[in-house]
Amino acid sequence: IADVCGHGITAAFITAMTKIAFQTVCFASGDPAVVLEQMNRELTANLANGFVTVFYGVYDLAKRTFTYASGGHPPVLLQRRSPPEISELRPQATFLGAFDPIAFRAETVQLQPGDRLLFYTDGLFESQRGPEEEFGMERVRAFLEQEAGRDIQPLLDGLLDALMDFLADAPVEDDITIVGLAVPG
């Protein structure tokens with residue numbers, strides 16, 4: 001998952017460059033840190049202004065492991081089924097496209113049946129219904145705890161509904177992306 005800075009044509013250009021950089025390097029290495037280092041090299045060389053945050057991970061279905069690296073993106077939430085808890089897979093390095101070289105490192109987490117990963121952009125928790133009231137990560141976590149028994153797609157739909165209810169008539173000012181991964185079993 002990734003999020004580019006800005007809006008409009010500039011953001012569209014950065015998005016296209018990021019997609020091209022990712023497609024160029026992602027199949028050359030299974031190591032997310034190497035992929036982000038190579039993407040950063042490409043973006044830094046080709047972007048005059050702008051940057052992108054990226055969280056990239058590889059899920060091994062057979063081993064139930066998730067190996068990831070992050071370039072300044074908000075942390076992915078790991079919701080454990082047993083014992084029930086929510087933790088963050090934190091960013092380890094800065095955003096891509098402004099500084100080269102950047103050292104990224106990959107980390108691996110062992111997942112269990114029923115665990116879930118929630119990927120999102122900052123538009124989720126930074127959405128506001130007034131000058132000083134954000135949806136916030138506290139509401140995101142509370143929703144996940146309250147709805148822990150839901151299947152992943154209804155959970156994602158419910159979280160988006162909760163955000164829209166919170167916003168009421170306030171405009172959506174940033175992109176909002178929410179993606180979930182549920183470990184089968």
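Each value in this text was obtained by applying a stated rule to the coordinates, not by laboratory testing. All values reported here derive from a predicted model rather than from experimental measurement. A quick note on method: Cβ atoms are made from the backbone with ideal geometry, for glycine too, and the neighbour counts reach across all protein chains shown.
Subtracting the Cα-Cα distance of Thr24 and Ala11 from their residue separation scaled by 0.36 nm leaves 2.7 nm. Highest GNM mean-square fluctuation among Thr108, Thr94, Thr53, for the chain modelled with Cα contacts below 10 Å: Thr108. Between Arg90 and Gln146, the contour length at 0.36 nm per residue exceeds the alpha carbon distance by 17.9 nm. Residues whose amide H comes within less than 5 Å of that of Phe51, counting only those at least five positions distant or on another chain, are Cys5 (H built at 1.01 Å from N in the peptide plane).
Each Lys and Arg adds +1 at its Cβ and each Asp and Glu adds -1 at its Cβ; summed about the Cα centre, segment 1-113 shows a dipole of about 260 debye.
For the chain, what is the mean residue ellipticity at 222 nm derived from helices alone (per DSSP H run of n ≥ 4: -39500 (n - 2.57); sum divided by total residues; nearest 500 deg cm²/dmol)? Each step should come with its number before you reach the end.
Values: 5 runs with 64 residues, N = 185.
Estimated from H runs of four or more residues: -11000 deg cm²/dmol.
Suppose the chain between Tyr59 and Val109 were pulled fully straight at 0.36 nm per residue; how much longer would it get relative to their current alpha carbon spacing?
Working: separation 50, 0.36 × 50 = 18.00 nm, distance 0.97 nm.
17.0 nm is the gain from fully extending Tyr59 to Val109.
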